[in-house]
Amino acid sequence: MTTPGMVLRFSVEGGDYAAAGEAASKIKKALRKIGVDAGVIRRVAIAAYEAEMNIVLHALRGRLILEVAEDKLRVIAEDEGPGIPDVNLAMQEGFSTASDLAREMGFGAGMGLPNMKKCSDTITIETTKDRGTKVVMNFDIDDDGVT
Amino acid sequence: MNLRKIQQLLAAEILWGEEILDLVEPRYACGSDLMSDVLAFTKEKTLLLTGLTNAQVIRTAEMIDLSGIIFVRGKKPSQEVIAMAQERNLPLLMTKLPLYETCGILYSAGLEGCSGLPSRRR
């Protein structure tokens with residue numbers, strides 16, 4: 001890792017389907033630029049993209065934050081939105097509260113949070129009804145840049 | 001098997017990427033309209049077959065470095081979506097065949113799926 005201490009922040013607007021994915025794309029490009037292992041980039045990109053889609057599909061607005069440390073990467077997705085009523089249920093593959101529009105776009109199949117969990121090494125979710133949700137995902141990198 | 005061969009097998013229309021069809025060789029293929037499943041279950045160098053034509057398909061391809069996309073059932077994306085693919089150097093093909101037949105033709109020709117189950121003809 002060449003750039004410990006780097007922090008990047010990206011705004012995400014709820015309902016802005018045209019821009020959905022831009023923040024994750026920028027995160028991916030930034031990681032490629034600083035020479036992160038391709039397998040790690042893939043995991044981060046998938047998790048960040050799912051998190052961004054969740055904000056676009058469910059929340060009013062939010063942001064994605066990438067933090068680069070010596071031995072790990074962290075992606076934080078926080079939003080102002082309805083919150084997740086039952087996190088355990090939302091973590092189950094196939095459970096979704098997404099709209100028909102989300103499904104038309106190929107999302108809303110109940111794989112978002114499970115995908116984020118699968119791709120990250122640790123994930124924590126804090127959510128408050130009618131306030132919003134904060135998801136913190138950590139991705140380990142060993143000395144060789146391989147997880 | 002490169003994309004040129006795949007395009008010929010499916011009699012597919014080339015929406016973008018004529019110049020790079022000979023150079024792109026997908027190792028696996030995946031047929032799905034669920035982008036979260038595509039994100040979860042594909043490997044590198046995968047060709048996506050789908051009936052979805054919106055921008056999120058291109059975004060999904062970008063996130064996991066898909067080799068290319070084949071739109072099935074004669075579905076044609078908008079010029080904006082084709083332009084997005086062009087910016088990302090992502091070849092796009094379109095076939096009139098439905099998803100099942102498209103998958104069957106490519107699987108029979110030896111293109112593996114992402115599960116690790118080998119195709120019968122290799």
Which of A:15, A:62, A:112 fluctuates most in a GNM of chain A (C-alpha springs under 10 Å)? That residue is A:15
In whole Hz, the Karplus estimates of ³J(HN,Hα) for segment A:114-122 (6.51, -1.76, 1.60; θ = phi - 60°; x where Gly or Pro) are x, 4, 5, 5, 5, 7, 9, 7, 9
Heavy-atom accessible area with a 1.4 angstrom probe orders B:41, A:10, most exposed first, as B:41, A:10
Interface B-A: total buried accessible area (1.4 Å probe, Å², nearest 100) of 1800 Å²
Sequence order, segment A:16-25: Karplus ³J(HN,Hα) from phi using 6.51 cos²θ - 1.76 cosθ + 1.60, θ = phi - 60°, Hz rounded, Gly and Pro as x, gives 8, 5, 5, 8, 4, x, 5, 5, 4, 4
Rounded to a whole %, the carbon-and-sulfur portion of the accessible area of segment A:14-140 at a 1.4 Å probe is 48 percent
The longest stretch of chain A containing none of the trypsin sites (Lys or Arg not before Pro) that sit in a DSSP loop with at most 14 other Cβ atoms within 10 Å is A:1-128
For residue A:37, the accessible surface traced by a 1.4 Å probe with all protein chains present amounts, in square angstrom to the nearest 10, to 50 Å²
Computed from the beta carbon distance with a Förster radius of 41 Å, FRET efficiency for residue B:1 and residue A:38 to the nearest 0.05 stands at 0.95
Taking chain A and counting helices only, DSSP H stretches of n ≥ 4 at -39,500 (n - 2.57) each over all residues, the nearest-500 ellipticity at 222 nm comes to -10000 deg cm²/dmol
Whole-Hz Karplus couplings 3J(HN,Hα) for segment B:19-26, θ = phi - 60° and coefficients 6.51, -1.76, 1.60, Gly and Pro as x, run 5, 10, 4, 6, 8, 8, 10, x
Averaged over the residues of B:31-43, the number of partner chain Cβ atoms within 10 Å of each residue's own Cβ comes to 6
Rounded to whole Å², per residue accessible area for segment B:3-108 with a 1.4 Å probe reads 43 Å²
With every protein chain in place, the accessible area of residue B:103 for a 1.4 Å probe, in Å² rounded to the nearest 10, comes to 50 Å²
Taking placed amide H atoms and a strict 5 Å upper bound, the residues 5 or more places from residue A:84 or on another chain that come that close are A:128
Of every hundred units of 1.4 Å-probe accessible area on chain B, the number belonging to carbon and sulfur atoms, as a percent, is 50 percent
Within the set B:50, B:60, B:95, GNM on chain B using Cα springs under 10 Å gives the largest fluctuation to B:60
Filtered hits (lysines, Cα-Cα < 21 Å from residue A:118, offset >= 8 within chain) -> A:28, A:72, A:134, B:43, B:45
Per residue of A:19-25, other chain Cβ atoms within 10 Å number on average 3
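The values are calculated or read from the model by the stated rules, or taken from the named source; none is laboratory data. From a predicted model like this one, the values you see are computed outputs, not experimental measurements. Counting neighbours? That spans all protein chains shown, and the Cβs are built from the backbone with ideal geometry, glycine included. Keep in mind that these areas ignore ligands, DNA and RNA; they rest on the heavy atoms of the full protein, side chains included. Shrake-Rupley method; radii C 1.70, N 1.55, O 1.52, S 1.80 Å.
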